[in-house]
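*Asks:* Input: one structure, supplied below.
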Amino acid sequence: MLVTVSEGKVQQQQLQLERDGTPERIWLLPEAGHQPVMVLMTRSVGSGSYPVLQRLEPVYGGYAESDMAALTREQMQGYMGHDRFKVFDGQLYRYFPRYRTGDTNVNPTGGEACYRYDFISEHWFQCPPHQQSGRGVE
């Protein structure tokens, strides 16, 4: 997939990214005093609709591809895909249903998980209970 970075009508950079899935969304997230970080999300085809996130970091007037941290084994407990992402207050949030043993793919009974990505420590942190409603911009 070819990603073109432009400012106004001026093309600044083209990046060739390898992707397995359908590009669905790109977010521009502010970084203190710098160009915004771009996060590209693609989704796999299939019953779980699993997302792949790729970070494009500002470097020397352009962008470079870098990986985002995965959820930890503990955070993935009961995970079977179906993620939703929201951005509010300049932060990226990830929501997904938790499945229990015996749940069907369309009927999770384990509640909803919520995590916020910290770009400095490169880690997903569990949301406080008041932020687990999923409000914000998709």
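The values are calculated or read from the model by the stated rules, or taken from the named source; none is laboratory data. Bear in mind the structure is a predicted one, so any value in this text is a computation, not a measurement. A quick note on method: Cβ atoms are made from the backbone with ideal geometry, for glycine too, and the neighbour counts reach across all protein chains shown.
*Asks:* In the set Gly110, Gly136, Gly61, Gly33, which member is small (Gly, Ala, Ser) and at pLDDT 85 or above?
*Replies:* Exactly one of Gly110, Gly136, Gly61, Gly33 is small (Gly, Ala, Ser) and at pLDDT 85 or above, namely Gly110.
*Asks:* Taking strands (runs of 3 or more DSSP E) that fall entirely within segment 39-134, which contain at least 2 residues that are among the aromatic types (Phe, Trp, Tyr) and either over 25 Å from Asp20 (Cβ atoms) or touching a residue at least 40 places away in the same chain (Cβ under 8 Å) (or both)?
*Replies:* Of the strands (runs of 3 or more DSSP E) lying wholly inside segment 39-134, those with at least 2 residues that are among the aromatic types (Phe, Trp, Tyr) and either over 25 Å from Asp20 (Cβ atoms) or touching a residue at least 40 places away in the same chain (Cβ under 8 Å) (or both) span 84-88, 112-118, 123-126.
*Asks:* Does Leu71 satisfy the criteria of being crowded, with 16+ Cβ neighbours inside 10 Å and modelled with pLDDT under 90?
*Replies:* So Leu71 does not fit the description; no.
*Asks:* (1) over 14 Å from the mean Cα position of the chain (by Cα); (2) of a type in the set (Phe, Trp, Tyr); (3) modelled with pLDDT under 95: which one isn't true of Phe85, the others all being true?
*Replies:* Against the list (1) over 14 Å from the mean Cα position of the chain (by Cα); (2) of a type in the set (Phe, Trp, Tyr); (3) modelled with pLDDT under 95, Phe85 comes up short only on (1).
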